[in-house]
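Everything below concerns the one structure shown next.
The values are calculated or read from the model by the stated rules, or taken from the named source; none is laboratory data. For clarity, every value in this text was computed on a predicted model and none was experimentally measured. Counting neighbours? That spans all protein chains shown, and the Cβs are built from the backbone with ideal geometry, glycine included.
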Amino acid sequence: MANNPYSKPNYRGRFAPSPTGQLHFGSLVTAVGSYLEAKSHDGEWLVRIENLDATREVPGASTVILKTLESLGMEWDHEIIHQNHRNSIYQAALSLLDTHGLVYPCTCTRKEISDSSITGVCGPIYPGTCRKKQLNKNHFTALRIRTNKCLIKFEDTLQGQVSQRLESDIGDFVLRRADGIYAYQLAVVVDDAEQGITHVVRGLDLLDSTPRQIFLQQLLGYSIPVHMHLPVVVNNQGKKLSKQNLATPIDISNPVEQLIETVRFLGQDPPIELRESSVSTFWKWAITNWQPGAIPQN
Ligand code: GLU
Ligand code: ZN
């Protein structure tokens, strides 16, 4: 046990940014929400850089993200892991799923899928075209997992009861793309398990992904973390703030001001005097007075 850096605590949360740009207000909300949940439970908070797709990574972005967290006084526990160094670990999980006979190659093009499918909660539902084909699992095909009709249910701490039937709501989903890149759904589950994450706090945009992750957690024999999906920040066109729609990066010239704005978005009510305080005084207040019950659902 002593050698395992991830042994124990009752609460271990994480923040898992994709380094596709700098931290913006939307990602800060997730960072701060997950941090406060962890710290108010006397738990640990880990940071993981989700850079599976090198073509989407902006050089230097992960360094800037970490520096921004530091200047906001947010300290992480344990070592940071980077997903781009972990292909063999994802491959091992994929092989394990394959032993259940649930993984199959798919050679359909995007166009074939959208032409032959109905739209589910997350876009076109893959109609299972390649399920019965005996294709070789070579390196140039996507690999999908066979889903089923079972109802997957979970209780989100903020959103309440959520359920999906994967086969009809999502369809068989990709675990490894034809270009060899492991899918977020697989990597996130493997990493959360390996890091011993007990609580996942992230944006509401990922709520629909959770049943797929629970499905994989069940098949891989992992424990299922507690989930809390936070409201997402939208721009004035009602779109989720993202690095893709060029949300303005966080201004760290006045960290306390930024942090106050962030916790206010999360329904907290910091006293006026806190504006004049130091970052560490801010965190003392925020951790002691954190009220998850005041977070708006969306
Ligand atoms: N990397 C994902 C993102 O930046 C977050 C994944 C997660 O929290 O599960 O949207
Ligand atoms: Zn196919």
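For residue 49, indicate whether it is within 22 Å of residue 229 (Cα to Cα) and of a type outside the set (D, E, K, R).
Numbers: within 22 Å of residue 229 (Cα to Cα): yes; of a type outside the set (D, E, K, R): yes.
When the stated conditions are applied, residue 49 passes them.
Yes/no per residue for (1) under 24 Å from the mean Cα position of the chain (by Cα); (2) modelled with pLDDT of 95 or more; (3) within 30 Å of residue 55 (Cβ to Cβ):
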site: 228; (1), (2), (3): yes, yes, no
site: 236; (1), (2), (3): no, no, yes
site: 245; (1), (2), (3): yes, no, yes
site: 255; (1), (2), (3): no, yes, no
site: 266; (1), (2), (3): yes, yes, no
site: 269; (1), (2), (3): no, yes, no
site: 284; (1), (2), (3): no, yes, no
site: 287; (1), (2), (3): yes, yes, no
site: 290; (1), (2), (3): yes, yes, no
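What residue, of 192, 205, is surrounded by fewer than 21 Cβ atoms within 10 Å (Cβ to Cβ), under 27 Å from residue 76 (Cα atoms) and either of a type in the set (D, E, K, R) or at pLDDT 95 or above (or both)?
On the way: 192 fails: surrounded by fewer than 21 Cβ atoms within 10 Å (Cβ to Cβ).
After applying the criteria, what remains is 205.
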> Taking the stretch 134-181 as the region of interest, how many residues are of a type in the set (Phe, Trp, Tyr) and in contact (Cβ under 8 Å) with a residue 40 or more places away in the chain?
Replying inline: 2
>> One residue is enough: does the stretch 70-79 have a residue meeting the conditions over 26 Å from residue 218 (Cβ atoms) and within 16 Å of ligand 1 (Cβ to nearest atom)?
In response: yes
>> I'd like the full set of residues that are of a type in the set (A, V, I, L, M, F, W, C) and either surrounded by 18 or more Cβ atoms within 10 Å (Cβ to Cβ) or over 14 Å from residue 192 (Cβ atoms) (or both), limited to the stretch 208-223.
In response: 214, 215, 216, 219
> What is the residue count in the stretch 224-260 for residues that are loosely packed, with under 14 Cβ neighbours inside 10 Å, under 29 Å from residue 160 (Cα atoms) and β-branched (Val, Ile, Thr)?
Replying inline: 1
> Taking the stretch 209-234 as the region of interest, how many residues are over 26 Å from residue 91 (Cβ atoms) and touching a helix residue (DSSP H, G or I) at 6+ places or on another chain (Cβ under 9 Å)?
Replying inline: 8
> Mind checking which residues of the stretch 120-139 are under 15 Å from residue 167 (Cβ atoms) and among the polar types (S, T, N, Q)?
Replying inline: 129
>> Exactly one condition in (1) out of contact with any His (no Cβ under 7 Å at 6 or more places or on another chain); (2) under 15 Å from residue 14 (Cβ atoms); (3) surrounded by 20 or more Cβ atoms within 10 Å (Cβ to Cβ) is false for residue 184; which is it?
In response: (3)
> Quick one: residue 134 ticks every box in (1) closer than 18 Å to residue 179 by Cβ; (2) more than 12 Å from ligand 2 (Cβ to nearest atom) bar one, so which box is it?
Replying inline: (1)
> Given the structure, is residue 293 at positive phi and either of a type in the set (Ser, Thr, Tyr) or without any contact (Cβ under 8 Å) to a residue 60 or more places away in the chain (or both)?
Replying inline: no
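In the stretch 111-131, how many are closer than 18 Å to residue 175 by Cα, touching a Pro at 6+ places or on another chain (Cβ under 8 Å) and without any contact (Cβ under 8 Å) to a residue 12 or more places away in the chain?
If we filter the stretch 111-131 for residues that are closer than 18 Å to residue 175 by Cα, which is where we start, we get 113, 122-131.
Narrowing further to those that are touching a Pro at 6+ places or on another chain (Cβ under 8 Å): 113, 130.
Filter once more, keeping what is without any contact (Cβ under 8 Å) to a residue 12 or more places away in the chain: none.
So the answer is 0.
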> Looking at this structure, is residue 207 without any contact (Cβ under 8 Å) to a residue 60 or more places away in the chain and within 16 Å of ligand 1 (Cβ to nearest atom)?
Replying inline: yes
> Which ranges mark the helices (runs of 4 or more DSSP H) fully within the stretch 6-124 that have 1 or more residues being among the hydrophobic types (A, V, I, L, M, F, W, C) and within 16 Å of ligand 2 (Cβ to nearest atom)?
Replying inline: 110-115
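Quick one: which residue in 145, 125 is away from ligand 1 (no atom under 16 Å from the Cβ), of a type in the set (A, V, I, L, M), at pLDDT 95 or above and within 25 Å of residue 205 (Cβ to Cβ)?
Residue meeting the stated conditions: 145.
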> Do you know which residues across the stretch 194-208 are over 22 Å from residue 25 (Cα atoms) and either small (Gly, Ala, Ser) or within 16 Å of ligand 2 (Cβ to nearest atom) (or both)?
Replying inline: 196
> Across the stretch 135-177, what is the number of residues that are touching a Cys at 6+ places or on another chain (Cβ under 8 Å) and within 18 Å of residue 91 (Cα to Cα)?
Replying inline: 5
